[in-house]
Amino acid sequence: MNICIDLVNQGLELRFSPVSQRLELIRIYDLTSVRLIYGDSDFSSRTPTFLSVHSKFGPTSAGHYSDSKETYMLHYPGITFVFSVPEELLQEQKIKEGKMPEFDSVMLSCMHMFVSDEKDPRLIKPMPILGKPLVLLPSQGILFSETNSMLIFGNTPQDALTILGSPQHISYKKSNPLSIHERLHIRDKAEVRDFQYDYFYNYFDIGLDILFDAANHNIKKFIVHTNFPTHPNFNLYQKCNFTIVPPAAQEMKHDEKDDDGFEDFDEEAKVITPEMKWPEISECYGKALTEPFFMPPTKDNPFGGSRYYAHKDIILEVMENDYISSVTLFRSHDY
């Protein structure tokens, strides 16, 4: 599902890749609201026709006709012109074959602008993903597949700095909205640690937060963010392109761990990605340990609240549209 922003006053639609969240196509559908210049001449002073566009941009390969939309598409590298075919010309055989005669009555209805693929200039060039691809292993930690390095529960700030460099921000966890649900001995332990706040390393550029324990300075929690447009934290983080390996796929293929401390996992097993919706995710994970917690929407968020589903050593925040907005990894015995 593409992410689209419709700029009605400008007559533009911006389409972003759902995976990379990068702009991949600009659709101009109101030609009267924009000024179109090619070379040193303005060809949008009046509605362009097939004849004027073809004469301005020169020869190209034959376009193609869409019978269902009754439109004709003419392709150039990085730009596609879409023309509305008048009813009286719909039976023209040459149009259906992609050989549009230079009729001046065939009007331009919209344009698509994009970076074209080198092999086929009619297609959009796939945008590379920004950030670091991560593999989330509940109960264990995070694998950075590009560098084949990992951070596991119990690692220190020095380990994080070695692998990821300096964080963009360091924040302190001074409150816990879920503390009422904690077991009594945990609350008592927190009271003893007054003025000792757990702290986050915030890596906004890869959509990752790492929580360190204030007492021993070891990693106790990872939080990744999908940067979904309908979430209140949208545009605070860059999208984290993660895959979650469900517990069934983490079963050891050998009777020992690797030297890095990670258990082997089945790399061909079905994994969870940010592009999946909750019904498909729940098939991988099964029933949650408890009923989901619900976080109501804030006053300035018209898109609804979030549900939090808890499984063993992982919490998934799911929005009303059933997409994941964040994933939290932890170890049960740390709490």
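Number of residues in the range 285-311 that are more than 18 Å from the chain's Cα centre (by Cα), over 17 Å from Ile223 (Cβ atoms) and not acidic (Asp, Glu) equals 16.
Scanning the range 34-53 for residues that are part of a helix (DSSP H, G or I) and not aromatic (Phe, Trp, Tyr) yields Leu51, Ser52, Val53. Taking Leu184 as the residue in question, decide whether it is within 30 Å of Lys270 (Cβ to Cβ), open to solvent by 50 Å² or more (accessible area, probe 1.4 Å), modelled with pLDDT under 95 and hydrophobic (A, V, I, L, M, F, W, C). Considered against the rule, which asks whether it is within 30 Å of Lys270 (Cβ to Cβ), open to solvent by 50 Å² or more (accessible area, probe 1.4 Å), modelled with pLDDT under 95 and hydrophobic (A, V, I, L, M, F, W, C), Leu184 comes out as no. Looking across the range 196-239, the residues that are among the polar types (S, T, N, Q), closer than 20 Å to Gly305 by Cα and in contact (Cβ under 8 Å) with a residue 40 or more places away in the chain come down to Thr226, Asn227, Thr230, Asn233.
Among the residues making up the range 90-109, those that are in contact with a helix residue (DSSP H, G or I) (Cβ under 8 Å, 6 or more places away or on another chain) and modelled with pLDDT under 75 are Ile95, Met100, Pro101, Glu102, Phe103, Asp104.
Could you run through the range 294-320 and say how many residues are in a loop (DSSP other than H, G, I, E, B) and either open to solvent by less than 50 Å² (accessible area, probe 1.4 Å) or within 25 Å of Val135 (Cβ to Cβ) (or both)? I'd like the intermediate steps shown before the answer.
Our first condition is that a residue be in a loop (DSSP other than H, G, I, E, B); within the range 294-320, this holds for 296-305, 312-313, 320.
Keeping just the survivors that are either open to solvent by less than 50 Å² (accessible area, probe 1.4 Å) or within 25 Å of Val135 (Cβ to Cβ) (or both) gives 301, 304-305, 312-313.
Counting residues in the range 294-320 that are in a loop (DSSP other than H, G, I, E, B) and either open to solvent by less than 50 Å² (accessible area, probe 1.4 Å) or within 25 Å of Val135 (Cβ to Cβ) (or both) gives 5.
Of all residues in the range 104-141, those satisfying the criterion of being on the phi < 0 side of the Ramachandran plot, part of a strand (DSSP E or B), more than 19 Å from the chain's Cα centre (by Cα) and surrounded by 15 or more Cβ atoms within 10 Å (Cβ to Cβ) are Met107, Leu108, Ser109, Cys110, Met111, His112, Ser116, Leu137.
Pairing residues of the range 145-172 that are part of a strand (DSSP E or B) with residues that are of a type in the set (A, V, I, L, M, F, W, C), at Cβ distances under 6 Å and at least 6 apart in sequence or on separate chains, gives Ser149/Ile163; Met150/Leu143; Leu151/Ile142; Ser171/Phe200. Looking at the range 9-22, which of its residues are closer than 27 Å to Thr226 by Cα, without any contact (Cβ under 8 Å) to a residue 40 or more places away in the chain and open to solvent by 60 Å² or more (accessible area, probe 1.4 Å)? Within the range 9-22, just Arg15 meets the criteria.
Taking the stated definitions as given, is Asp30 of a type in the set (Asp, Glu) and farther than 15 Å from Cys110 by Cα?
no
The values are calculated or read from the model by the stated rules, or taken from the named source; none is laboratory data. The shown structure was predicted, so the numbers you read here are calculated from the model rather than taken from an experiment. Neighbour counts run over all protein chains shown; Cβ positions are idealised from the backbone, glycine included. Areas reflect the complete protein model, heavy atoms only, side chains present, ligands, DNA and RNA absent. Shrake-Rupley method; radii C 1.70, N 1.55, O 1.52, S 1.80 Å.
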